[in-house]
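Colleague: First the structure, then my questions, so here it is.
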Amino acid sequence: MQLAEVRNIYDQDGPFATIYLEGRAPASDAEHQVRLRWDDLRTRLEQAGAPDETVMALEDAVIVDDIAEVQSNGRVLVANASGVLLNADWDAALGAGDAAHFAQEPELGAFARERARSVRMLVAIADQTGATIRQVVAAEEHELDEQVERNVTDAANASVHKPREGALSHKQIQRRADEATKHNLREVAKYLDETATKWHPDVVVLAGEVQGRKELLGELSEALRDIAREAESGGTDDAAAEETLAEELRSIASDVANARSQELTERYEYAAAHDQAVEGADKVARAAEMGAVETLLLEHNRSAADEAKVLGASVKVDAQIGLLNTQVEDAVAAVLRFEAPDELKK
């Protein structure tokens, strides 16, 4: 994850109010539930000293017309005296609970971890006529977040149904059907390339009919083939097929996230062996002040000491963020852009 996503927040003046509302199952009394939850968060903010204008700005963002969406999607919001600076879905696993903070720095560690855990999946459910394309964001223990769906089908405007075998006179028809199929899948591959250039997926997943997805794989650009995976089952035929596909996507996302975390852990260990990494909140913060932090590394499920301060300092030097598979001092470390100066080696 690029921390630049939240850079604009850190360019503003504090103090900041940060609230988290976990996503919960839709209910007929969603409005009542959200209002009760907001009342509790508002009380916490007021007790912490948040000014009225900041609290009211957050209330206007929570108590909206489509309040059921707030209940089901969850929210993470940051505001200061000028108004709301961040209003994003918060798909935390059920049971994470709501939270409210008022401090000089925004409390975005949990949000940053969530983004670092997530896997962007460009999914193509293919057949011989084309494909249904979905942009899906997946994170461990969370529901799949399908952001966009697009059907790219019948691009050649020709039949792709082959004639019955055995008739020599049908060879020309069959050849045209093959050509139409290839044309359709080239159009799908072109669309996938264009989408990937804008959206930057972590993985391309090919699902659907075996023949369709195999032929589509052959049409992909080299860059997309390098990150392509096949979903062996599931599709769009009915609810059961959709659920099977969802399970496949969750499994692929878990594999990708684990591999990414393992790669970052190995990269950190290599950098540490060559004096290009530091661990511990104080050293990471000082490295960030020097502009040295290339990648901020947090542990999966343990908050770092002085996390808000360390995160803020790293954001301001355009660092990336990742998750480690190993424990480090204060639950925070960093890979540096250059060899650590002597003062950080002590």
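The values are calculated or read from the model by the stated rules, or taken from the named source; none is laboratory data. Values in this document were obtained by computation on a predicted structure and should not be read as measured data. No Cβ is skipped: glycine too gets one built from the backbone with ideal geometry, and neighbour counts run over all protein chains shown.
Colleague: For region 2-30, what are the residues that are in contact with a helix residue (DSSP H, G or I) (Cβ under 7 Å, 6 or more places away or on another chain), modelled with pLDDT under 90 and buried (at least 19 other Cβ atoms within 10 Å of the Cβ)?
Modeller: Passing the criteria: Leu3, Val6, Gly23.
Colleague: Moving to a separate point now. Does any residue of region 31-38 turn out to be surrounded by 14 or more Cβ atoms within 10 Å (Cβ to Cβ), closer than 18 Å to Glu105 by Cα and modelled with pLDDT under 95?
Modeller: No, there is no match, as no residue in region 31-38 is surrounded by 14 or more Cβ atoms within 10 Å (Cβ to Cβ), closer than 18 Å to Glu105 by Cα and modelled with pLDDT under 95.
Colleague: Could I ask something else about it? Kindly evaluate Val34 against the criterion of being hydrophobic (A, V, I, L, M, F, W, C), in a helix (DSSP H, G or I) and within 30 Å of Gln320 (Cβ to Cβ).
Modeller: So Val34 does not fit the description; no.
Colleague: Still on this structure, please answer the following. Count, please, the residues in region 39-55 that happen to be surrounded by 14 or more Cβ atoms within 10 Å (Cβ to Cβ), of a type in the set (A, V, I, L, M) and out of contact with any helix residue (DSSP H, G or I) (no Cβ under 7 Å at 6 or more places or on another chain).
Modeller: 2
Colleague: Give the residues of region 303-341 that are buried (at least 16 other Cβ atoms within 10 Å of the Cβ), among the acidic types (Asp, Glu) and part of a loop (DSSP other than H, G, I, E, B), sorted by residue number.
Modeller: Asp306
Colleague: Going residue by residue through region 5-16, is there one that turns out to be among the basic types (Lys, Arg), closer than 29 Å to Trp199 by Cβ and either part of a helix (DSSP H, G or I) or over 21 Å from the mean Cα position of the chain (by Cα) (or both)?
Modeller: yes
Colleague: Here is a check on your reading of the model: is Leu45 in contact with a strand residue (DSSP E or B) (Cβ under 7 Å, 6 or more places away or on another chain) and either within 30 Å of Ser261 (Cβ to Cβ) or modelled with pLDDT under 85 (or both)?
Modeller: Against the criterion (in contact with a strand residue (DSSP E or B) (Cβ under 7 Å, 6 or more places away or on another chain) and either within 30 Å of Ser261 (Cβ to Cβ) or modelled with pLDDT under 85 (or both)), Leu45 does not qualify.
Colleague: Shifting gears a bit: Quick check on my filter: what residues within region 93-134 are surrounded by fewer than 19 Cβ atoms within 10 Å (Cβ to Cβ) and assigned to a loop (DSSP other than H, G, I, E, B)?
Modeller: Ala93, Leu94, Gly95, Ala96, Gly97, Asp98, Gln104
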